[in-house]
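Each remark here refers to the structure printed beneath this line.
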Amino acid sequence: MKPLTLVAKHRMVRDDRYKLLYVPTRTGVRWMLFDTVEDPGEEADVASEHPEVVARLQRELWAWMRRDPAMTERDGYLVPRDDAARLSSGRDLGLVRLEESPAPAQASP
(Lines give C-alpha, C1' and ligand atoms only; values in the text may rest on other atoms or scores of the structure.)
Protein backbone atom coordinates (compact mmCIF):
# COMPACT_ATOMS: atom_id res chain seq x y z
CA MET A 1 0.00 0.00 0.00
CA LYS A 2 2.88 2.39 0.72
CA PRO A 3 4.00 2.68 -2.96
CA LEU A 4 0.45 3.51 -4.06
CA THR A 5 0.15 6.10 -1.29
CA LEU A 6 3.41 7.74 -2.38
CA VAL A 7 2.25 7.86 -6.01
CA ALA A 8 -1.16 9.32 -5.06
CA LYS A 9 0.18 12.25 -3.02
CA HIS A 10 -0.66 15.72 -4.23
CA ARG A 11 2.24 18.14 -4.44
CA MET A 12 2.40 21.86 -5.13
CA VAL A 13 4.62 24.80 -5.84
CA ARG A 14 3.83 28.49 -5.71
CA ASP A 15 5.28 31.87 -6.49
CA ASP A 16 4.10 35.33 -5.44
CA ARG A 17 0.91 35.01 -7.46
CA TYR A 18 0.25 31.47 -8.64
CA LYS A 19 -0.08 28.05 -7.05
CA LEU A 20 0.32 24.91 -9.18
CA LEU A 21 -1.00 21.56 -7.96
CA TYR A 22 0.22 18.16 -9.17
CA VAL A 23 -2.75 15.80 -8.72
CA PRO A 24 -2.07 12.19 -9.78
CA THR A 25 -5.17 10.16 -10.62
CA ARG A 26 -5.81 6.73 -12.10
CA THR A 27 -6.45 8.34 -15.49
CA GLY A 28 -3.42 10.65 -15.51
CA VAL A 29 -1.84 13.56 -13.76
CA ARG A 30 -3.99 16.65 -13.46
CA TRP A 31 -2.25 20.02 -13.21
CA MET A 32 -4.30 22.77 -11.58
CA LEU A 33 -3.25 26.42 -11.44
CA PHE A 34 -4.73 29.00 -9.10
CA ASP A 35 -4.25 32.76 -9.13
CA THR A 36 -3.96 33.40 -5.40
CA VAL A 37 -4.14 37.19 -5.84
CA GLU A 38 -7.35 37.33 -7.89
CA ASP A 39 -8.85 34.18 -6.36
CA PRO A 40 -7.60 33.78 -2.77
CA GLY A 41 -10.14 31.00 -2.16
CA GLU A 42 -8.55 28.99 -4.99
CA GLU A 43 -11.86 28.13 -6.62
CA ALA A 44 -11.05 28.68 -10.33
CA ASP A 45 -8.45 26.54 -12.13
CA VAL A 46 -6.78 28.96 -14.59
CA ALA A 47 -4.25 26.50 -16.09
CA SER A 48 -5.68 26.75 -19.61
CA GLU A 49 -5.44 30.56 -19.49
CA HIS A 50 -1.77 30.61 -18.41
CA PRO A 51 0.11 27.72 -20.09
CA GLU A 52 3.43 29.56 -19.75
CA VAL A 53 2.99 29.82 -15.96
CA VAL A 54 2.02 26.13 -15.79
CA ALA A 55 5.14 25.16 -17.77
CA ARG A 56 7.44 27.31 -15.61
CA LEU A 57 6.04 26.03 -12.33
CA GLN A 58 5.97 22.42 -13.59
CA ARG A 59 9.72 22.64 -14.29
CA GLU A 60 10.32 23.96 -10.78
CA LEU A 61 8.14 21.33 -9.14
CA TRP A 62 9.64 18.44 -11.12
CA ALA A 63 13.16 19.65 -10.28
CA TRP A 64 12.23 19.61 -6.59
CA MET A 65 10.42 16.24 -6.76
CA ARG A 66 13.36 14.58 -8.56
CA ARG A 67 15.70 15.55 -5.73
CA ASP A 68 14.25 12.72 -3.66
CA PRO A 69 16.63 9.79 -4.37
CA ALA A 70 13.90 7.26 -3.57
CA MET A 71 11.57 8.64 -6.28
CA THR A 72 11.69 8.90 -10.07
CA GLU A 73 9.45 10.08 -12.90
CA ARG A 74 7.69 7.42 -14.93
CA ASP A 75 5.02 8.13 -17.55
CA GLY A 76 4.27 11.55 -16.04
CA TYR A 77 3.93 10.22 -12.47
CA LEU A 78 6.31 10.57 -9.55
CA VAL A 79 6.84 6.98 -8.36
CA PRO A 80 9.07 5.12 -5.91
CA ARG A 81 12.27 4.12 -7.75
CA ASP A 82 11.79 0.46 -6.75
CA ASP A 83 8.31 0.41 -8.32
CA ALA A 84 9.18 2.23 -11.56
CA ALA A 85 9.68 -1.03 -13.46
CA ARG A 86 6.30 -2.37 -12.32
CA LEU A 87 4.58 0.87 -13.29
CA SER A 88 6.16 0.97 -16.75
CA SER A 89 5.08 -2.63 -17.35
CA GLY A 90 1.53 -1.78 -16.21
CA ARG A 91 1.63 -4.13 -13.22
CA ASP A 92 0.43 -3.67 -9.69
CA LEU A 93 0.22 0.03 -8.83
CA GLY A 94 -3.32 0.32 -10.17
CA LEU A 95 -2.47 3.19 -12.52
CA VAL A 96 -3.24 3.57 -16.20
CA ARG A 97 -0.36 4.37 -18.53
CA LEU A 98 -1.03 7.32 -20.79
CA GLU A 99 0.54 7.91 -24.17
CA GLU A 100 0.28 11.66 -23.65
CA SER A 101 -0.75 13.91 -20.81
CA PRO A 102 -4.36 15.06 -20.83
CA ALA A 103 -5.10 18.75 -21.20
CA PRO A 104 -5.57 20.54 -17.90
CA ALA A 105 -9.12 20.19 -16.67
CA GLN A 106 -11.42 23.18 -16.70
CA ALA A 107 -12.95 24.42 -13.50
CA SER A 108 -16.60 23.53 -13.15
CA PRO A 109 -19.14 26.23 -12.36
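Of all residues in the range 56-84, those that are surrounded by 12 or more Cβ atoms within 10 Å (Cβ to Cβ) and without any contact (Cβ under 8 Å) to a residue 40 or more places away in the chain total 11.
Taking every residue in the range 24-40 that is of a type in the set (Ser, Thr, Tyr) and pairing it with any residue that is part of a loop (DSSP other than H, G, I, E, B), at least 6 positions away or on another chain, the pairs with Cβ-Cβ distances below 6 Å are 27/96.
Of all residues in the range 46-73, which are of a type in the set (D, E, K, R) and either more than 15 Å from residue 17 (Cβ to Cβ) or in a strand (DSSP E or B) (or both)? Listed by number, the residues that qualify are 59, 66, 67, 68, 73.
Determine if the range 26-41 includes at least one residue that is touching a His at 6+ places or on another chain (Cβ under 7 Å) and either loosely packed, with under 13 Cβ neighbours inside 10 Å or outside any loop (DSSP other than H, G, I, E, B) (or both). Yes, the range 26-41 contains a residue that is touching a His at 6+ places or on another chain (Cβ under 7 Å) and either loosely packed, with under 13 Cβ neighbours inside 10 Å or outside any loop (DSSP other than H, G, I, E, B) (or both). Considering only residues in the range 13-25 that are surrounded by 13 or more Cβ atoms within 10 Å (Cβ to Cβ) and modelled with pLDDT of 95 or more, the one that is farthest from the chain's Cα centre (by Cα) turns out to be 18.
The values are calculated or read from the model by the stated rules, or taken from the named source; none is laboratory data. As the structure is a computational prediction, the values presented were derived from the model and not from experiment. All Cβ positions, even for glycine, are placed from backbone atoms using ideal geometry, and neighbour counts span all protein chains on display.
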